[in-house]
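So the structure is just underneath, and the comments pick up after that.
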Amino acid sequence: MKTSKTLYAGSNSLTQNVSQEIAQETPDNTAKTHLLGTGTLDVFTFQAWIKTPHGGLVFQYFCEFNHTGFMVKINALGHIESVVNSRLLSIEMVSIPGGFNDDYWHLLSISYQYHKLKCYIDGDEIELQQQIIPLTVQNTLKAICAETALFKVEITNISLIENCLTDNQILDYYRQPYVQDPISDNNLYTYPDKQPQMNIDLNPLYSVRQEVMLIIFNDTKYHFIKNTLNMHNFNKQLPNSIPANERCAYIIESNNQTWPHFIYQTNYIAEEKNDIELTFDILKSLTPNRSHVHLQLANELTFDCFISQSTPSRLIAEIRISETRSEKARPLYRR
């Protein structure tokens with residue numbers, strides 16, 4: 001479930017003495033990613049791609065005029081913690097799921113509207129605990145000083161916009177981060193001048209080639225013909241045809257321009273019957289548990305898919321395509 005829980009009275013504050021906690025960060029696990037601005041951020045969405053085996057302070061915004069702002073960090077257990085100071089209230093939150101300091105790439109998204117925080121990892125909203133307290137001088141979020149320690153991990157494509165993105169917009173940003181001009185055009189964040197340990201380009205230098213191997217058993221009488229053009233940015237793609245009653249292995253390989261994942265979609269029709277269609281929708285991610293293989297088929301067909309290997313660079317999946325009316329035996333693979 002994606003619900004927010006209010007902390008009971010007397011519980012420990014999620015970020016007591018925020019300034020002291022920031023001062024305790026070490027140079028090995030924090031980032032100098034902060035922004036001084038003039039906006040009050042009554043409504044906002046913050047997003048960044050992060051990769052860390054430790055955690056630490058990720059980002060802080062501070063309004064120079066009225067001390068509104070927000071801070072987000074990852075604690076030692078991989079839980080996401082955030083504080084937002086509006087002109088009236090301070091909202092503190094911590095994510096219930098943890099483990100996001102797993103040294104894999106994740107899109108971290110935080111939206112704020114109507115005194116409510118929402119947090120997303122890789123486009124999916126996660127469950128939170130929240131606490132709302134009156135804003136006082138003691139609870140005012142302080143700006144980061146020049147000597148604040150650095151977040152010596154990988155972080156890129158930081159965006160801060162004065163708009164609350166919808167669930168679908170955030171998921172779309174995760175799936176297609178390179179076609180989000182409205183977000184990049186309205187980004188309030190200006191990259192710091194001196195960030196030698198961070199890559200901030202849209203095509204990061206650490207782009208890697210990723211590969212998917214599909215072992216397809218076409219256990220049908222249909223010979224499938226590709227019905228779409230080959231996609232760009234791929235060195236290898238699925239073949240122009242998938243023969244009937246055969247088991248073959250195929251490779252899909254991206255080039256170095258796809259990061260942090262690639263989406264591969266293609267459509268086939270049966271040579272014998274044009275209304276029999278087969279559509280592949282594959283997401284290969286540098287974060288292994290985010291990779292998936294989806295198939296859409298005509299009513300006469302069914303499929304079983306078993307992912308036998310998933311690593312940052314490679315995914316291997318075995319697929320069996322069958323005819324439903326002749327499906328009497330147990331399937332080879334579990335869904």
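Computed values, structure above
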quantity: Residue within the stretch 308-317 that is farther than 14 Å from E211 by Cβ and in contact (Cβ under 8 Å) with a residue 12 or more places away in the chain present; calculated: no
quantity: Hits in the stretch 252-270 - residues which are within 26 Å of R290 (Cα to Cα), open to solvent by less than 40 Å² (accessible area, probe 1.4 Å) and not hydroxyl-bearing (S, T, Y); calculated: I252, E253, N255, W259, P260, H261, F262, I263, N267
quantity: Residue in the stretch 321-333 that is within 21 Å of N256 (Cβ to Cβ), modelled with pLDDT under 95 and basic (K, R) present; calculated: no
quantity: Sole residue being within 28 Å of the chain's Cα centre (by Cα) and either at pLDDT below 95 or of a type in the set (A, V, I, L, M, F, W, C) (or both), chosen from N227, N256; calculated: N256
quantity: Those residues of the stretch 85-112 which are closer than 21 Å to D167 by Cα and free of Cβ contacts under 8 Å to residues at least 24 places away in the same chain, in sequence order; calculated: G98
quantity: Enumeration of residues in the stretch 160-178 that are under 19 Å from F62 (Cα atoms), open to solvent by less than 60 Å² (accessible area, probe 1.4 Å) and touching a Phe, Trp or Tyr at 6+ places or on another chain (Cβ under 6 Å); calculated: L160
quantity: Residue, nearest to E323 (Cα to Cα), within the stretch 263-313, restricted to residues that are of a type in the set (G, A, S) and touching an Asp or Glu at 6+ places or on another chain (Cβ under 7 Å); calculated: A298
quantity: Residue in the stretch 135-154 that is at pLDDT 85 or above and either surrounded by 15 or more Cβ atoms within 10 Å (Cβ to Cβ) or not in a helix (DSSP H, G or I) (or both) present; calculated: no
quantity: So F70, is it aromatic (F, W, Y), over 24 Å from I155 (Cα atoms) and either in a loop (DSSP other than H, G, I, E, B) or more than 19 Å from the chain's Cα centre (by Cα) (or both); calculated: no
quantity: Complete set of residues in the stretch 273-299 that are surrounded by 14 or more Cβ atoms within 10 Å (Cβ to Cβ) and part of a helix (DSSP H, G or I); calculated: P288, R290
quantity: M198 being in a loop (DSSP other than H, G, I, E, B), among the hydrophobic types (A, V, I, L, M, F, W, C) and either over 30 Å from L278 (Cβ atoms) or modelled with pLDDT under 75 (or both); calculated: yes
quantity: Any hit, the stretch 213-220, residues being at pLDDT 90 or above, in a strand (DSSP E or B) and farther than 19 Å from H292 by Cα; calculated: yes
quantity: In the stretch 230-251, the residues that are outside any strand (DSSP E or B) and modelled with pLDDT under 95; calculated: N230, M231, H232, N233
quantity: From I126, I132, residue being more than 15 Å from the chain's Cα centre (by Cα), farther than 20 Å from I183 by Cβ and either charged (D, E, K, R) or modelled with pLDDT of 80 or more (or both); calculated: I132
quantity: Answer residue from the stretch 53-67, given it is outside any loop (DSSP other than H, G, I, E, B) and not β-branched (V, I, T) and is most open to solvent (accessible area, probe 1.4 Å) among those; calculated: F62
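The values are calculated or read from the model by the stated rules, or taken from the named source; none is laboratory data. This is a predicted model, so every value here is computed, not measured. Please note: Cβ atoms are built from the backbone with ideal geometry, for glycine as well, and neighbour counts cover all protein chains shown. Ligands, DNA and RNA are excluded from the accessible area calculation, which covers all protein heavy atoms including side chains. Shrake-Rupley method; radii C 1.70, N 1.55, O 1.52, S 1.80 Å.
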